[in-house]
Structure formats: structure tokens, C-alpha cells
1. Residue 30 - would you say it is of a type in the set (A, V, I, L, M, F, W, C), part of a helix (DSSP H, G or I) and at pLDDT 90 or above?
2. With respect to the numbered conditions (1) modelled with pLDDT of 85 or more; (2) among the charged types (D, E, K, R); (3) out of contact with any strand residue (DSSP E or B) (no Cβ under 8 Å at 6 or more places or on another chain), which one is the sole condition not fulfilled by residue 57?
3. Looking only at segment 15-51, count how many residues are acidic (Asp, Glu) and surrounded by 10 or more Cβ atoms within 10 Å (Cβ to Cβ).
4. List the number of the failed condition for residue 18; all other conditions in (1) acidic (Asp, Glu); (2) at pLDDT below 80; (3) in contact with a strand residue (DSSP E or B) (Cβ under 8 Å, 6 or more places away or on another chain) hold.
5. Is there a residue being surrounded by 10 or more Cβ atoms within 10 Å (Cβ to Cβ) and touching a strand residue (DSSP E or B) at 6+ places or on another chain (Cβ under 6 Å) anywhere in segment 68-88?
6. Within segment 51-81, track down each residue that is of a type in the set (Phe, Trp, Tyr) and not in a loop (DSSP other than H, G, I, E, B).
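The values are calculated or read from the model by the stated rules, or taken from the named source; none is laboratory data. What you see is a predicted model, and the numbers here were worked out from it, not measured in a lab. Note: ideal-geometry Cβ built from the backbone for every residue, glycine included; neighbour counts use all protein chains shown.
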Amino acid sequence: MHIAILIGIVSNMKTTIDIADSLLKEAREIAAKKHLTLRSLVEQGLRNIIVESDSGEKFILRKASFKGNGIRDEFRCESWNKIREAAYEDHGG
């Protein structure tokens, strides 16, 4: 779906962007709940992204390791495809 968005910086500029129908529907619902226009919701989102990117903060991945002894011996020299097949075995994969 195409949506035209007016972006006002120095002057109003009209541009067209493609948004997935499901995302647009969700955005319209949120805008309605917050008594906002779709335009103001999109502008608010863009402003948030810009502020976030200007903050200079680096993304730090949290430590997500778990206890164990690493990869099982039977998979030590196997390809990723073989490991993935085993992981999804009996799970529809």
C-alpha cells in the first residue's frame, strides 16, 4: 500500500512510501487510540529514531550464554546444516 506523508522541516515536502498493510492497519489503530493523525504518529516515530541515532550510544549485546560443555562431540566437525537438521528434528523443520 502506498501512503503519502508530508514532512515539514523548512518547507512541506510530499513523499510516498510503501508500508505493509498489516503495519499500516496497526499504526492507524494506535493513532486512533491516541487521538493522533497517522501523519503525526509517523513523524513522532521518525523523530524518536533520529534522537536515538543521534544519542551516540552504542548497542551492547547482553550476555546470553548458558551453562554447559559446548557443542556435543557428535557435532564437533559437522556442518551447520547437519546441526540445524538435528535441532529441528521432530519439530517440523
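1. Taking the combined requirement at face value, the residue satisfies it.
2. Every listed condition holds for residue 57 apart from (1).
3. Here the count works out to 3.
4. Against the list (1) acidic (Asp, Glu); (2) at pLDDT below 80; (3) in contact with a strand residue (DSSP E or B) (Cβ under 8 Å, 6 or more places away or on another chain), residue 18 comes up short only on (2).
5. So far as segment 68-88 goes, no, none of its residues is surrounded by 10 or more Cβ atoms within 10 Å (Cβ to Cβ) and touching a strand residue (DSSP E or B) at 6+ places or on another chain (Cβ under 6 Å).
6. Listed by number, the residues that qualify are 75, 80.
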